[in-house]
Amino acid sequence: TGKLLILIACWLGKYKKNINMFSSPLTTMAQVMFTCPPGDSCCNPLSMGAIKKMIEEEISGIYVLSLMIGKNVIQDTENGFFMDVNEQVSMVCSQLAQDPKLKGGYNAMGFSQGGQFLRAVAQRCPSPPMKTLISVGGQHQGVYGLPRCPGESSHICDMIRKALNNGAYTDLVQKHLVQAQYWHDPFNDDLYKKHSLFLADINQERAVNETYRKNLQLLEKFVMVKFLQDTVVDPVDTEWFGFLKMGQAKETETLQESVLYKEDRLGLAAMDKAGKLAFLATKGDHLQFTREWFNANLLPYLH
């Protein structure tokens, strides 16, 4: 049977001309698309819609399922800003489980916040099985800053910044602002661990959920891509599962230096030792890469 791939596009706004995803022909592959912006939707003809069309043109017989979070494109876009991430993940898990073409498993690729959202799918929903997870600019330890909001929704981003600065861990903001659910304040670690509805849970901050640990280790490969000139994600180390050291906002630590890794609370140390983790880097700003780079570095993981 062919391989299966989920694409999640997030924080995109518009793709620039050098972002072209697939060019070489592959064996028949089933493809699932889940868009979870802010700033983009499942069917934006300038971003995910264009990628969907391009893949269908490039790979003969491919199956593409674009998962809309909401009843229409407007709701899909708004939900990327304002819908509880846990509800979004549950909706996606339900849709995947109901698709008979995915029973044999699939590969998954998440863009920006889609990286950590897809990881939640892997940890919470092992059926159908995710084989490979590719996180392209994902924020696996969260963010502490919104330096340059992408896309065409700058007024919404200004509102988000204000809400995060004033009370990221209040119940109201946590429930209704997606970015607050992976906001990681190094000056308020206790508040983060106690009140973060999404990230603190999937990162085992409060307690070790052995099911999460077991399910993530079922992945054959977990690939993380970091953009070396990223002006959107702060700190950029989060794209490789690193983050700021607690109590300050300048010095960072790698995944391997973190408590999460040293105590192996999520199984990442075991995966690393088994050769299941891959850390890739590319020059350029957030989600900016060439077709040639994609083909050379990511396409091999989809075979």
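Numerical summary
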item	result
Within region 169-178, considering residues that are assigned to a helix (DSSP H, G or I) and touching a Phe, Trp or Tyr at 6+ places or on another chain (Cβ under 7 Å), the one farthest from residue 234 (Cα to Cα)	176
Qualifying position, being among the hydrophobic types (A, V, I, L, M, F, W, C), more than 21 Å from the chain's Cα centre (by Cα) and under 23 Å from residue 187 (Cβ atoms), among 249, 274, 270	249
Every residue from region 271-296 that is in contact with a strand residue (DSSP E or B) (Cβ under 8 Å, 6 or more places away or on another chain) and free of Cβ contacts under 8 Å to residues at least 40 places away in the same chain	293
Those residues of region 190-210 which are on the phi > 0 side of the Ramachandran plot and outside any loop (DSSP other than H, G, I, E, B), in sequence order	none
Residue count for region 93-131, restricted to those that are of a type outside the set (Gly, Ala, Ser), crowded, with 21+ Cβ neighbours inside 10 Å and not in a helix (DSSP H, G or I)	6
Some residue of region 74-88 being buried (at least 17 other Cβ atoms within 10 Å of the Cβ), out of contact with any Phe, Trp or Tyr (no Cβ under 9 Å at 6 or more places or on another chain) and modelled with pLDDT of 75 or more	yes
The one condition in (1) closer than 25 Å to residue 299 by Cβ; (2) in contact with a helix residue (DSSP H, G or I) (Cβ under 9 Å, 6 or more places away or on another chain); (3) surrounded by fewer than 22 Cβ atoms within 10 Å (Cβ to Cβ) that residue 193 fails to fulfil	(1)
Verdict on residue 288 being in contact with an Asp or Glu (Cβ under 8 Å, 6 or more places away or on another chain), of a type in the set (S, T, N, Q) and more than 19 Å from residue 120 (Cβ to Cβ)	no
Condition met for residue 181 (part of a helix (DSSP H, G or I), polar (S, T, N, Q) and either surrounded by 22 or more Cβ atoms within 10 Å (Cβ to Cβ) or over 20 Å from the mean Cα position of the chain (by Cα) (or both))	yes
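The values are calculated or read from the model by the stated rules, or taken from the named source; none is laboratory data. This structure is a prediction, so every number in the text was calculated from the model and none was measured. All Cβ positions, glycine included, derive from the backbone under ideal geometry; neighbour counts span all protein chains shown.
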